[in-house]
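The values are calculated or read from the model by the stated rules, or taken from the named source; none is laboratory data. None of the values given here were measured: they were computed from a predicted structure. We place every Cβ from the backbone using ideal geometry, glycine too, and count neighbours over all the protein chains shown. The protein model used for the area step is the full one, side chains on, heavy atoms only, and it has no ligands, DNA or RNA in it. Shrake-Rupley method; radii C 1.70, N 1.55, O 1.52, S 1.80 Å.
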Amino acid sequence: MHWVGVDVGGTFTDVVVYDEATGALAVAKSPTSPADPTVGLLNALAKLQVALPATGRVVHGTTIGTNVILERKGAPVFVLTTRGFRDTLEIARTNRTVLYDIRARKPAPLAPRQRIVEVDERMAADGTVVRPLREPEVREALERICASQDGGGSAALVVCFLHSYANPAHEQAAALAAAEALPGWFVSASHQVLPEFREYERFSTAVLNAYIGPKVGGYLDGLGRALAERGYTGQVFVTTSSGGIMTADVAARFPVHTVLSGPAGGVAAAVNLGRLTGHPNLIAYDMGGTSTDVCLVEALEPTLTTEQHIAGLPNRTPQIEINSIGAGGGSVAWLDAGGALRVGPRSAGADPGPACYGRGGVEPTITDANLVLGRVPGDVPLAGEVALDVERARRALATLRDRVPGLADEAALAEGVVRIAVARMVSAIKEISIAKGHDPRDFVLLAYGGAGPMHAAFVAEELEMPRVIVPPAPGNLSAFGSLISDLRRDYVRTRLIPTRGGRLDEVEGIFEELTAEAHRDLTADGIPPERISTVRALGMRYVGQSWELLVRLPPAYDSMAVLEAAFRAAHERRYGHASDGAAEIVNFRLTAVGEVPTPAPARWPATGSVTGALRVERPVRFGGEAARVPVYLRERLPAGAVVTGPAVIEEMGATTVVPPGWTATVGPWGELTLTRSSL
């Protein structure tokens, strides 16, 4: 039986296949097809000759929803809302996100005002009905919405009523009527997507879900059919933004939970490797073809947040706190109006790709720069099928060279491009570490993605980090992370309960209701009850504050005073201070995990030698003139082998650069540990 993990990136589609009988892992990459991402996936499976009838599980990480939002190519979204709240999305928050630009504008809502229709209903904050919902008015509103969508194609409706988190009855009735009146439409209600208070954030998240729903659902449906036609009879699972997986059916209904699907898989795999190697504090650094994603992991726990934005719009679903920047192998180098050299965020993507791909790209990219510097092999096709042309890369860089004073040749410009890219990535890591009170020198940099190991040592040097770890098959680590992730469902309920005067049995009652719902859902997904576990957390704040802090509950608590003490401790850790003031519970959160079989870790073979792993020597530039350095094949390096820089270590899908002054050691699990020789 095979298990298949997939990560569809902006440039390449990565596949990992685990053979349950032999314990062997096989990896493959294929260029992503932007028009139909299924093509790249099937091509990668064909490379590995995967027998889909003998495949037990397919787990899929995807950026389709993310790209739809960023490119504003989603479905037309209509909103049915409470009378008087038509402008909630337009008003948004009154804060200024860009302080010193008087011309800065808020991002336009995904559902424009003319597509928002009001109905005369009203629910109070405690869930009591102030004005009942009238079915004739709902039917009339739906008829107007249907008549206004005359462009054809997929459309979506989201029902967003005031205080539906406290009592969803009106939303349920309206959503049911909409499903009958609008066949073929994507219909959802805000209480299903995010049953929390704060109308703007709930409305925005629900609209995001509806905006990407038709495209994500259509893609998953097409993928399921394509796999079924080739003999696959199991379920398709999708990686979630919070680091678990869910069934494709659930993901199609709630695609907003997948907007960080691919990067979350990589973090899950990074945590797994940190556990194996004894490094609990990590900075996960994933540089792919389009972007770089970084995440801080402390005590093997990545930080979760519900306060993320995408394209300037709030998405309040639980997500791993990942900082993404537009710096990938395909990021374009360009000159700004002042003649300064810039890199990214625009990317050449998979089509046409960097100039060296020979597919029509003419602008210089980070990949072109590394090829000119000799750090990327020009004699081995990328991913086994993309031949790299160093002359095309030189010509692309030459288009900028003459416009940058003081540069002697294309190689000097290439070094500048790489240095600027490294500076951007260093800045991204500082945002998740130094800016939040963490010293990056106390962490290990775990580098993966197709381009991460190539730049990791240079990033670590800038941050004074003493150690870098590169996992086996780093270009496919996010796909592997999908494969080792358990099913995960996140639940939330808003209820204001003071810690002083509130009742513990009321807290327990709400958690018991959420636990019962979680067990029903995961059992329906095929998880036996004995493999289901839950984690409880509370959103708490001091009385009078506007925003709450996530507090994981201790294993045992027998009073409201214990909960208040846990909140004060969390406040102290986050902000450096706490007071004796009264606190209150705002949100109840439950994470349910359904354990699924995962690949057993395999030790790296100790047979072979460094000399036997030598493939070639080639000129590589590390400042100054290029010098000939050894190039090794990673799969031939045995456990315990030591490679002294300068050197290059190649494998399918990634290249690890060991600069002068660094040493790489092969660990027992096949990981490369890079350390600075001076330490």
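Give me a count of the residues in region 519-553 that are over 25 Å from the mean Cα position of the chain (by Cα) and outside any loop (DSSP other than H, G, I, E, B).
Counting residues in region 519-553 that are over 25 Å from the mean Cα position of the chain (by Cα) and outside any loop (DSSP other than H, G, I, E, B) gives 10.
Does ALA639 meet the test of being of a type in the set (A, V, I, L, M) and part of a loop (DSSP other than H, G, I, E, B)?
yes
Is there a residue in region 106-120 that is polar (S, T, N, Q) and open to solvent by less than 80 Å² (accessible area, probe 1.4 Å)?
No, region 106-120 contains no residue that is polar (S, T, N, Q) and open to solvent by less than 80 Å² (accessible area, probe 1.4 Å).
Would you point out the residue of region 494-512, among those that are in contact (Cβ under 8 Å) with a residue 12 or more places away in the chain and part of a helix (DSSP H, G or I), that is farthest from THR239 (Cα to Cα)?
LEU504
Conditions (1) farther than 30 Å from PRO354 by Cβ; (2) among the β-branched types (Val, Ile, Thr); (3) part of a helix (DSSP H, G or I), marked per residue:
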position	(1), (2), (3)
ALA414	no, no, yes
MET425	no, no, yes
LEU445	no, no, no
VAL492	yes, yes, no
GLU517	yes, no, yes
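THR611 is checked against (1) polar (S, T, N, Q); (2) part of a strand (DSSP E or B); (3) open to solvent by 70 Å² or more (accessible area, probe 1.4 Å) and fails just one. What number does that condition carry?
(2)
Are any residues in region 124-144 among the acidic types (Asp, Glu) and either part of a loop (DSSP other than H, G, I, E, B) or under 23 Å from ARG493 (Cα atoms) (or both), and if so, which ones?
Within region 124-144, just ASP126 meets the criteria.
On the given criteria, is SER241 in a loop (DSSP other than H, G, I, E, B) and crowded, with 24+ Cβ neighbours inside 10 Å?
yes
Based on this model, can you work out whether ALA147 counts as open to solvent by 10 Å² or more (accessible area, probe 1.4 Å), outside any loop (DSSP other than H, G, I, E, B) and within 20 Å of PHE254 (Cα to Cα)?
So ALA147 does not fit the description; no.
Being open to solvent by 10 Å² or more (accessible area, probe 1.4 Å) and within 16 Å of THR205 (Cβ to Cβ) is the filter here; which residues of region 76-88 pass it?
Answer for region 76-88, where residues must be open to solvent by 10 Å² or more (accessible area, probe 1.4 Å) and within 16 Å of THR205 (Cβ to Cβ): PHE85, THR88.
Closer than 30 Å to ALA456 by Cα and either modelled with pLDDT under 95 or of a type in the set (S, T, N, Q) (or both): which single residue out of ALA268, ALA248, ALA284 fits that description?
The unique qualifying residue is ALA268.
How many of the residues making up region 8-17 are open to solvent by less than 20 Å² (accessible area, probe 1.4 Å) and assigned to a strand (DSSP E or B)?
6
So GLY184 ticks every box in (1) touching a strand residue (DSSP E or B) at 6+ places or on another chain (Cβ under 7 Å); (2) assigned to a loop (DSSP other than H, G, I, E, B); (3) not hydrophobic (A, V, I, L, M, F, W, C) but one. Which box is left unticked?
That leaves (1) as the condition not met.
What are the residue pairs meeting all of these: first residue in region 74-90, first residue over 16 Å from VAL138 (Cβ atoms) and among the hydroxyl-bearing types (Ser, Thr, Tyr), second residue outside any loop (DSSP other than H, G, I, E, B) and open to solvent by less than 20 Å² (accessible area, probe 1.4 Å), Cβ atoms under 8 Å, and 6 or more apart or on different chains?
Taking only residues 6 or more apart or on different chains, the pairs are THR88/THR81; THR88/CYS160; THR88/PHE203.
Can you tell me which residue among LEU553, LEU563 is open to solvent by less than 60 Å² (accessible area, probe 1.4 Å) and touching a Phe, Trp or Tyr at 6+ places or on another chain (Cβ under 8 Å)?
LEU563
Conditions tested, residue by residue: (1) assigned to a helix (DSSP H, G or I); (2) among the small types (Gly, Ala, Ser).
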site	(1), (2)
ALA252	yes, yes
HIS257	yes, no
GLY262	yes, yes
GLY266	yes, yes
ALA270	yes, yes
LEU273	yes, no
PRO280	no, no
ALA284	no, yes
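Looking at PHE203, PHE197, PHE161, PHE186 in this structure, which one is crowded, with 24+ Cβ neighbours inside 10 Å, farther than 24 Å from THR63 by Cα, in contact (Cβ under 8 Å) with a residue 12 or more places away in the chain and aromatic (Phe, Trp, Tyr)?
Going through PHE203, PHE197, PHE161, PHE186 in turn, just one is crowded, with 24+ Cβ neighbours inside 10 Å, farther than 24 Å from THR63 by Cα, in contact (Cβ under 8 Å) with a residue 12 or more places away in the chain and aromatic (Phe, Trp, Tyr): PHE161.
Is it fair to say ALA556 is without any contact (Cβ under 8 Å) to a residue 12 or more places away in the chain, over 32 Å from the mean Cα position of the chain (by Cα) and closer than 24 Å to ASP490 by Cα?
yes
Quick check on my filter: what residues within region 346-383 are part of a strand (DSSP E or B) and closer than 15 Å to ARG394 by Cα?
THR365
Are there any pairs, at least 6 apart or on different chains, whose C-beta atoms fall under 6 Å, with the first in region 462-479 and closer than 16 Å to ALA602 by Cβ and the second open to solvent by 40 Å² or more (accessible area, probe 1.4 Å), and if so, which?
ALA473/VAL27; ASN476/VAL27
Would a scan of region 473-491 turn up a residue that is among the hydroxyl-bearing types (Ser, Thr, Tyr) and farther than 21 Å from ASP7 by Cα?
Within region 473-491, one or more residues are among the hydroxyl-bearing types (Ser, Thr, Tyr) and farther than 21 Å from ASP7 by Cα.
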